[in-house]
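Data block below; observations after.
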Amino acid sequence: MISNEEFRRALSHFASGVTVITTRDRGGAPHGITVSAFCSVSEEPPLVLACINRTTGSHYAFIERGAFVVHILGEHQRHISEQFAEPMLDKFAGIPILETESGLPVIEGALVTLECTLVRSYDGGDHSILVGEIESSTVNDARPLIYFRGDYRSIDFGD
Ligand SMILES: Cc1cc2nc3c(=O)[nH]c(=O)nc-3n(C[C@H](O)[C@H](O)[C@H](O)COP(=O)(O)O)c2cc1C
């Protein structure tokens, strides 16, 4: 078995996009967390998955609500990724928020927004693997925010 350090070092070399995943708990409080462990699962039905650490303050809210919104962040949203990666009293402070019809918080201006219903939750070690079915999606024209070797990066599109 490898050490935590070896795990982190190896996996930090997997370049990924960055998402913020939001929901509301039963009491109506908004929750959000920066997540790079996100990927597509299935086209028919349209499924995605996100891995969320069980020790995060927001974990219970995703299970409780059974629905969430995935925001694939644009390059211009690095500050949003940083804000949602810190345990804060009000993670949504200063961030323009809209609402889905069902009342979930939507961060304005993301590259892609996916409204999902939680269909299954699997045990994944110290994380939960949340599988969501996509109910609606919006796509904007922006450059993606990238995370690689512990830092934010930009893609040079050569234009
Ligand atoms: C770029 C980046 C990617 C992250 N990816 C994940 C992830 O995939 N899953 C996860 O549980 N936490 C991830 N985190 C850590 C959480 O965002 C962080 O622990 C957050 O503060 C937890 O929210 P909480 O305040 O609800 O505890 C990531 C952090 C950063 C900066």
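Please treat every number below as a calculation from the coordinates, not as lab data. Owing to the predicted nature of the structure, the values given are computational and were not obtained by experimental measurement. Backbone-built Cβ (ideal geometry, glycine too); neighbour counts: all protein chains shown.
Summary of values
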{"quantity": "Sorted peptide list for 28-35, 7-14, 139-146, 65-72, criterion being average Cβ within 10 angstrom, highest first", "calculated": "65-72, 28-35, 139-146, 7-14"}
{"quantity": "Burial order of peptide ranges 112-119, 131-138 (average beta-carbon count within 10 Å, highest first)", "calculated": "112-119, 131-138"}
{"quantity": "Length released on extending from Asn53 to Arg78, taking residue separation times 0.36 nm less the Cα-Cα span", "calculated": "6.9 nm"}
{"quantity": "Cα→Cβ-extended label distance, 7 Å offset, between Asp126 and Phe148, nm", "calculated": "2.7 nm"}
{"quantity": "For segment 10-70, alpha-carbon Rg and Dmax in angstrom", "calculated": "12.7, 39"}
{"quantity": "Neighbour cut-off at most 11 other Cβ (10 Å), DSSP loop, chymotrypsin sites (Phe, Trp or Tyr not before Pro), segment 101-159", "calculated": "Phe157"}
{"quantity": "In nm, spacing of pseudo-spin labels at Thr117 and Val139 (7 Å Cα→C-beta vector)", "calculated": "2.4 nm"}
{"quantity": "Surface/4 estimate of mean projected area, convex hull on alpha-carbon atoms of the chain, nm²", "calculated": "10.3 nm²"}
{"quantity": "Separation in nanometres of the label points that stand 7 Å from Cα toward Cβ, at Asp156 and Ala29", "calculated": "4.6 nm"}
{"quantity": "At R0 = 22 Å, FRET efficiency that the Cβ-Cβ distance of Ser40 and Ile63 yields, to 0.05", "calculated": "0.55"}
{"quantity": "Which of Glu75, Glu99 has the fewest Cβ neighbours within 10 Å, and the rest in rising order", "calculated": "Glu99, Glu75"}
{"quantity": "Global size of segment 76-159 as Cα Rg and Dmax, reported in angstrom", "calculated": "15.2, 43"}
